[in-house]
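Data first, discussion second: the structure below is written as structure tokens.
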Amino acid sequence: MAKYYEEGFDPEDLNITVSELLVATADASDELLDAAVSEVLALLKDRLKMDVVFVSEFVGGERVFRYVDAPTDRPMMSPGDSNPLEETWCQRVVDGRIPELIPDVRAFPGKADLPPAPFDIGTYISTPVLLDDGHVYGTLCCISFSPHETVQQRDLKNLKSVAMLVASKIDRAQAQAQPEARNKPVTFSLQPKW
């Protein structure tokens, strides 16, 4: 991704980057896609000026963190950590109880009904990761500790584009899975670039 910076590419709209990666990695190995997805997630976090980005999977009534990029000085969650799905904001986004974009959580009218978070959330952006078969794998979320009231629908659109990239990686992993394993959840490994 460094070449985009060098060439003056402004990834405010990540759709171009994501589209290129979807095309470029269609026949690439998993390792290449893992690196590409990790870079896009880090770029998304940076461009939206968020503190945390994560991909979660919904498994057996739990939200399991599969990818986490968060400040190393504030460990709050790690890949593999889980908690009851019903106690998450992610579930509320998927079932429509809260919007996908909350620029200022403090001013959100439904804040009192949200489950407590292990840290202060100022801005929350989340979208489902939808697989080709219509199944909700989990969510892609970006969080800032303080509100960023400048976030807008365009930022949510970029998040949705990145969620499509993540979903395409999962769909490919499922397609390559053994036939007897196809009904089991498929997990993937993305390594954050710290």
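The values are calculated or read from the model by the stated rules, or taken from the named source; none is laboratory data. Everything quoted here is computed from the prediction, not taken from an experiment. Don't worry about glycine lacking a Cβ; one is built from the backbone with ideal geometry, like all the others, and counts go over all protein chains shown.
When residues of region 71-100 are filtered for being touching an Asp or Glu at 6+ places or on another chain (Cβ under 7 Å) and more than 16 Å from Tyr137 (Cα to Cα), how many remain? Qualifying residue count, region 71-100: 1.
Within region 145-194, restricting attention to residues that are of a type in the set (Lys, Arg) and at pLDDT 90 or above, the residue that is surrounded by the most Cβ atoms within 10 Å (Cβ to Cβ) is Lys160.
In region 52-68, how many are buried (at least 18 other Cβ atoms within 10 Å of the Cβ) and in contact with a helix residue (DSSP H, G or I) (Cβ under 8 Å, 6 or more places away or on another chain)?
Looking only at region 52-68, we keep the residues that are buried (at least 18 other Cβ atoms within 10 Å of the Cβ), and these are 52-58, 63-68.
Remaining after also requiring in contact with a helix residue (DSSP H, G or I) (Cβ under 8 Å, 6 or more places away or on another chain): 52-53, 55-56, 58, 63, 67.
Counting residues in region 52-68 that are buried (at least 18 other Cβ atoms within 10 Å of the Cβ) and in contact with a helix residue (DSSP H, G or I) (Cβ under 8 Å, 6 or more places away or on another chain) gives 7.
Taken over region 105-129, residues that are surrounded by fewer than 17 Cβ atoms within 10 Å (Cβ to Cβ), touching a Phe, Trp or Tyr at 6+ places or on another chain (Cβ under 9 Å) and outside any loop (DSSP other than H, G, I, E, B) amount to 0.
Against the numbered list (1) in contact (Cβ under 8 Å) with a residue 60 or more places away in the chain; (2) surrounded by fewer than 19 Cβ atoms within 10 Å (Cβ to Cβ), Asp95 comes up short only at (1). Criterion first (touching a helix residue (DSSP H, G or I) at 6+ places or on another chain (Cβ under 8 Å) and over 19 Å from Asp51 (Cβ atoms)) does Pro84 satisfy it? For Pro84, the condition - touching a helix residue (DSSP H, G or I) at 6+ places or on another chain (Cβ under 8 Å) and over 19 Å from Asp51 (Cβ atoms) - is not met. Of these, Pro11, Pro99, Pro84, Pro103, which one is at pLDDT below 95 and more than 24 Å from Ala173 (Cβ to Cβ)? That would be Pro11, the only listed residue that is at pLDDT below 95 and more than 24 Å from Ala173 (Cβ to Cβ). Just so you know, in region 69-92 the residues that are closer than 20 Å to Leu130 by Cβ and hydrophobic (A, V, I, L, M, F, W, C) include one that is surrounded by the most Cβ atoms within 10 Å (Cβ to Cβ), and it is Cys90. Restricting attention to region 61-81, the residues that are modelled with pLDDT of 95 or more and part of a loop (DSSP other than H, G, I, E, B) total 1.
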